[in-house]
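Below is one structure; the comments refer to it alone.
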Amino acid sequence: MKWRVILELAPETNDWAIWCLDLPGCVSCGETQAEALENIQEAIALYLEPSPINLQSGATTCEVTV
């Protein structure tokens with residue numbers, strides 16, 4: 001799957017900042033453009049990894065439409 005990312009040089013650190021527009025809070029960085037791109041790939045994979053939901057006894061799940 002392809003994701004759009006923004007890559008820019010951070011002048012205060014001289015590192016490359018990178019974030020995924022479609023995944024709020026999914027950000028990373030690197031000393032080089034290539035490193036930043038590798039790091040955001042890992043960040044996106046972790047962002048999309050499902051996390052287990054532990055419900056207490058009697059809890060129910062519902063869906064809502066907004």
Query raised in the report: If we scan the range 32-47, do we find a residue that is assigned to a loop (DSSP other than H, G, I, E, B) and either surrounded by 15 or more Cβ atoms within 10 Å (Cβ to Cβ) or among the charged types (D, E, K, R) (or both)?
Result: no
**Report entry** Residue pairs meeting the criteria (Cβ under 7 Å; at least 6 apart or on separate chains; first over 11 Å from TYR47 (Cβ atoms), in the range 1-28; second of a type in the set (Asp, Glu) and outside any strand (DSSP E or B))
**Finding:** ARG4/ASP22; ASP15/GLU31
Query raised in the report: How many residues does the range 2-29 contain that are touching a helix residue (DSSP H, G or I) at 6+ places or on another chain (Cβ under 9 Å) and either assigned to a loop (DSSP other than H, G, I, E, B) or at positive phi (or both)?
Result: 4
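Could you check, for the range 41-58, whether at least one of its residues is polar (S, T, N, Q), in contact with a strand residue (DSSP E or B) (Cβ under 6 Å, 6 or more places away or on another chain) and at pLDDT 95 or above? Even if it seems obvious, please write down each step before you answer.
First, the residues of the range 41-58 that are polar (S, T, N, Q): 41, 51, 54, 56-57.
Within this subset, residues satisfying the condition of being in contact with a strand residue (DSSP E or B) (Cβ under 6 Å, 6 or more places away or on another chain) are none.
Taking every residue of the range 41-58 in turn, none turns out to be polar (S, T, N, Q), in contact with a strand residue (DSSP E or B) (Cβ under 6 Å, 6 or more places away or on another chain) and at pLDDT 95 or above.
The values are calculated or read from the model by the stated rules, or taken from the named source; none is laboratory data. For clarity, every value in this text was computed on a predicted model and none was experimentally measured. When we count neighbours, we look across all protein chains shown, and the Cβ atoms used for this are built from the backbone with ideal geometry, even at glycine.
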